[in-house]
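See below for the structure under consideration.
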Amino acid sequence: MLYEVITQLIATMPELGSLEFFNKQAASLAGLAPVARQSGQWKGKSFIRGGRANVRQALYMPALVAARYNPDLKAKYQQLVTAGKPAKIAITAVMRKLVVTANAMLKADRCWTQSPA
């Protein structure tokens, strides 16, 4: 399953690894950057939109698994849930973190190494 996700990311986001501003461009390209709705005093709910839907679909299940088993991403997920965010929003944040990490690793030409506990 991991190879399918990697293949999907490389096929649908060939720009991955060449994006300069790691967080904003990669997340926005995948459609995982929050868009705030506000005008003057009025504030609406933030949402995600645009980007590439197939990337979001390919990242959803790996983000669920990472939020459960990866210590760093699990901590991020738990932090958001305890702050009162819905579980789906927290999973979206984990998906965003996965895309940003993949972009940074490809840009630096590094492989993933598990940090010891």
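The values are calculated or read from the model by the stated rules, or taken from the named source; none is laboratory data. On a predicted model such as this, the values are computed, not experimentally measured, just so you know. So basically every Cβ, Gly included, is an ideal-geometry build from the backbone, and we count neighbours across all protein chains shown. With ligands, DNA and RNA removed, areas are computed over all heavy atoms of the protein, side chains included. Shrake-Rupley method; radii C 1.70, N 1.55, O 1.52, S 1.80 Å.
Couple of notes before you dig in:
- Scope segment 47-57; condition in a strand (DSSP E or B) and surrounded by 15 or more Cβ atoms within 10 Å (Cβ to Cβ); matching residues: Ile48
- Taken over segment 67-104, the criterion of being open to solvent by less than 50 Å² (accessible area, probe 1.4 Å) and farther than 18 Å from Leu32 by Cα is satisfied by Asn70 alone.
- Candidate set from segment 18-48 (those that are of a type in the set (D, E, K, R) and either touching a strand residue (DSSP E or B) at 6+ places or on another chain (Cβ under 6 Å) or over 15 Å from Ala93 (Cα atoms) (or both)); member that is modelled with the lowest pLDDT: Glu20
- Of the residues making up segment 5-14, at least one is modelled with pLDDT of 80 or more, part of a helix (DSSP H, G or I) and surrounded by 11 or more Cβ atoms within 10 Å (Cβ to Cβ).
- Test for Arg56: is it modelled with pLDDT of 75 or more and within 11 Å of the chain's Cα centre (by Cα): yes
- Considering Gly17, Gly84, the condition of being free of Cβ contacts under 8 Å to residues at least 12 places away in the same chain and outside any strand (DSSP E or B) is satisfied by Gly84 alone.
- Scanning segment 87-117 for residues that are over 16 Å from the mean Cα position of the chain (by Cα) and in a helix (DSSP H, G or I) yields a total of 2.
- Picking from residues in segment 30-46 that are outside any loop (DSSP other than H, G, I, E, B) and either touching a residue at least 12 places away in the same chain (Cβ under 8 Å) or charged (D, E, K, R) (or both), the one that is least open to solvent (accessible area, probe 1.4 Å) is Ala30.
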